[in-house]
Each structure stands twice: as structure tokens, then as C-alpha cells.
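A short worksheet on the structure shown next.
The values are calculated or read from the model by the stated rules, or taken from the named source; none is laboratory data. These numbers were taken from a predicted model, which means no experiment stands behind them. Counting neighbours? That spans all protein chains shown, and the Cβs are built from the backbone with ideal geometry, glycine included.
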Amino acid sequence: MIAKSIKGKSPDEIQVSLEKSMSDGFSPTLAIVFLSVSQDRQAVSKLLDQKGVAVFGSTTNGEFTDETPESKSIAILLLDMKPEQFRIYHCEFESDNYRKSAGKLAREAKNEFSEVGFLLAISHAATDGEQVLLGLQDVAGENINAFGGAAGDDYQFEETFVFTNGWESNKGMVLIAIDESKIKMKGIATCGWKAVGTEKTVTKSEGNHVFTIDGSPALDITTKYGGLENVTPDNKDLLMELAANFPLQLQREMGDPVMRPPLVVDWDDHSYYTSGTVPQGSKIRFSVPPDWDVMEKVVKGVQNLKNTEMPEADALVVFSCAGRILSFGPMMNVEIEGIKEVWNVPLAGMFSNAELGRMSGGNLEMHNLTTCCVALMEK
């Protein structure tokens, strides 16, 4: 399988790059498209459609095809995967039927491919990625390969989109089903944030609403451990500081902890809402602000994937949390470059609002502040 990555700041630039990439006879069948919500996604999709290319698309908080993260741009991974080796499915979520909708698509995919893996993107802040993954597992089994991300909108947190040929949705899912008897797909989700202090217990929570930890208001105990000051509604930087640097680490019986950053504070009782479910009675640890070791752990995790499961690859797809670039700034290119150098093949990546995948030794889950790297290779 041949893969090529292209990028541009407009549909016109993408058209030029696409024509150039095909000038040697390369004939892509699939395009993984990551672009800013400010870009004309219909124009990009139409351009690819006219070339007979199937589109898997998501809006982002930033995108990249090499070690330099871009913003308000378009990044595309072009693949000449045989049309009979993949299918693109999509759905609109209605009445919050995430698990049922995902299960329906998985059932269609299983009817097509006996061995199937998934790349997916979801839109809308309220979409429950964990329920989506459960829907896929209900049909395809607990050990399926499934990786993806939640669409972004350049940090506006207003409206995100997923799209494919002739369709888009601000509350839906686009899914690539891949025939794993023909295409090898392996991935890993890695975070790297370090924990601090002893395990604590979530003493009161409902879904993703965390009220108390060890009997104290969630906000109070979290900011105390973080050493944060000016903990008031007037401090507009407080939530960004909490989310990017002091997420809860939800402990799991198997695999690495899952990150749950606080996103919205209820100032009446100093509780907060996190990015995903935090069950009452669960064990958590607090985090320390990230350093260089965080990026090194991600690259080492990807290198281990190559050493143990995927010695060669034709292409890479990366879903990296938008919070990572907020924490690392210009140094984020070090992590991306390190990932690229592991296989040194074409890649495209996006900065997402959440990540979907399996950490080493863990379950398939929704993550935050995490990087999901997926390697693809034709057998």
C-alpha cells in the first residue's frame, strides 16, 4: 500500500498538492482529512470525491503531516488501499443513542468483513465516546482494534464536525471499517502524565459530575494539590490550568490510568464536570504538571509497539489531545517528530477534544491528554 501526505492552507493549495501527488501514477482511494473548522470542508470533500477518493474527515484544534503542528490548515493522508479492503460508514446521533448507533454500524461492517478494525471520529461535545466504543465492542468483541478522536473547532468549544463524501454532521460519527485479513492495523494510546500523592476515593459523583473526593469538594482538594491560587469564578485561566496540567488519573484494574481533566466548575458547591465518567467509589490520583518525560514516554510507547507488534508500517494516523499542545507549546514538535521517526512513513494527525483507543494492557476507552498512534500496513 502506497501512502502520501499533503497539506495546505486552502482548498486551492490542496488541489495543487493532490495533482502533484498523483502525477507519478499514484491513484489514492482513501483520504483521511483533518482540517480547521474555518476551512471549506465541502470544497475539500468535493475535490477528493471528483477524483474517486473516499473521505474520512474531522474538524480539529490543529493538524499536522510532519513534526510541525499547523493551525487553521488542512492535513490529508492519501492511501491507495484496495476499495474492497475498507468501507466508510456514518451516522447521526439521535436521542443520545450512541451505543445503539455504533452497534448498528459495527454490525454492517461485520457482515462485510469477518476480521474488522475501526478508525473513527465523533462530533459534538456531549457525545459519549465510551458508549460509542461499547457499541462497537457489543458486535465486534472486546478485543477489537478501534482508535480515533473527538472533533475540535480551533478551541472555540462551540460546534465540531465529522464528514465524508456528500455528508457531514455536528453530532455524529464517521467510521472506517478495515478488513484486517488484508490490512494490519495496530495502535497504542499513551499519556505520560505523572501521578502525585496517594490514591484517593471519589466519594460522590454522578456520571462525569464529581462532587467530592475523600469527602472534600472536588475543586478544593484538586487546587490544593496543584498549589493553585485565586480559585474564583473571576480567574478565567483556572479551568485551562486545571485541564491541561492537573487532570485526575482514574485508576483501572488493568492497564494505565485514564485521564479525566476538570472542564466545568459548579461554583455553588465547588464540584466539577470532567471529560468522561468518573464512577462513585472509584480510585483516583492527582497529577503533576507535565515535563519532557511525558513526551519521551509517548515516543517509547510507540517504539515498543513497533518492536513487539508492528515492525513495519505503510502509514500512520495520530490523534493527539489538544491539551498536550496547550501544555507543551512549540515543543510539541519534538513528540510528533519522535513518533514519525519510529517508522518514517507518511502520516497525518489532528489535535482532538478526546481520544479513543486502548492503552497498553488496558481496555478500549475514551481518553484525554493522550496520544493515540495507529500504524497501517498491507499484508
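Structure above, values below:
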item	result
One residue from Lys306, Lys283 being at pLDDT 95 or above and in contact with a helix residue (DSSP H, G or I) (Cβ under 9 Å, 6 or more places away or on another chain)	Lys306
Filter result for Glu241 (acidic (Asp, Glu), out of contact with any strand residue (DSSP E or B) (no Cβ under 7 Å at 6 or more places or on another chain) and either within 22 Å of Asn363 (Cβ to Cβ) or touching a residue at least 60 places away in the same chain (Cβ under 8 Å) (or both))	no
Segment 64-102, residues that are modelled with pLDDT under 95 and in a strand (DSSP E or B)	Glu70
Output for segment 103-123, where each listed residue is assigned to a helix (DSSP H, G or I), of a type in the set (A, V, I, L, M), under 17 Å from Glu142 (Cβ atoms) and touching a strand residue (DSSP E or B) at 6+ places or on another chain (Cβ under 7 Å)	Ala109
Qualifying position, being assigned to a strand (DSSP E or B) and over 13 Å from the mean Cα position of the chain (by Cα), among Leu316, Leu326	Leu316
Restricting segment 165-187 to residues that are crowded, with 22+ Cβ neighbours inside 10 Å and in contact with a helix residue (DSSP H, G or I) (Cβ under 8 Å, 6 or more places away or on another chain), the residue that is farthest from Gly117 (Cα to Cα)	Met173
Selection from segment 58-72 of residues that are out of contact with any Leu (no Cβ under 7 Å at 6 or more places or on another chain) and not charged (D, E, K, R)	Ser58, Asn61, Gly62, Phe64, Thr68, Pro69, Ser71
Counted residues, segment 302-319 - those being under 12 Å from Gly349 (Cβ atoms) and in contact with a Pro (Cβ under 9 Å, 6 or more places away or on another chain)	2
Close pairs from segment 331-351: first touching a residue at least 60 places away in the same chain (Cβ under 8 Å), partner among the hydroxyl-bearing types (Ser, Thr, Tyr) and surrounded by fewer than 20 Cβ atoms within 10 Å (Cβ to Cβ), Cβ under 6 Å, at least 6 apart	Asn333/Thr68
Subset of segment 155-164 [at pLDDT below 95 and within 16 Å of the chain's Cα centre (by Cα)]	Tyr155, Phe157
Residue tally, condition hydroxyl-bearing (Ser, Thr, Tyr) and either in a loop (DSSP other than H, G, I, E, B) or free of Cβ contacts under 8 Å to residues at least 24 places away in the same chain (or both), over segment 368-379	1
Selected residue (criterion: surrounded by the most Cβ atoms within 10 Å (Cβ to Cβ)) from residues of segment 337-379 that are under 15 Å from Ala150 (Cα atoms) and of a type in the set (Ser, Thr, Tyr)	Ser352
Any chance Val334 is buried (at least 21 other Cβ atoms within 10 Å of the Cβ), in contact with a helix residue (DSSP H, G or I) (Cβ under 9 Å, 6 or more places away or on another chain) and either outside any helix (DSSP H, G or I) or not acidic (Asp, Glu) (or both)	no
When residues of segment 205-228 are limited to those that are modelled with pLDDT of 90 or more and at positive phi, the one surrounded by the most Cβ atoms within 10 Å (Cβ to Cβ)	Asp214
Residues of segment 124-161 satisfying the condition of being among the charged types (D, E, K, R) and either touching a Lys or Arg at 6+ places or on another chain (Cβ under 8 Å) or not in a helix (DSSP H, G or I) (or both)	Asp128, Asp138, Glu142, Asp153, Asp154, Glu158, Glu159
Residues of segment 131-143 that turn out to be touching a strand residue (DSSP E or B) at 6+ places or on another chain (Cβ under 7 Å) and surrounded by 20 or more Cβ atoms within 10 Å (Cβ to Cβ), as a count	4
From Tyr155, Tyr98, residue being buried (at least 17 other Cβ atoms within 10 Å of the Cβ) and either assigned by TED's automatic domain parsing to the domain that holds Leu356 or over 18 Å from Leu30 (Cα atoms) (or both)	Tyr98
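Yes or no, residue by residue, for (1) of a type in the set (Ser, Thr, Tyr); (2) in a helix (DSSP H, G or I):
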position	(1), (2)
Gln303	no, yes
Ser320	yes, no
Glu341	no, yes
Ala348	no, no
Arg358	no, no
Met366	no, no
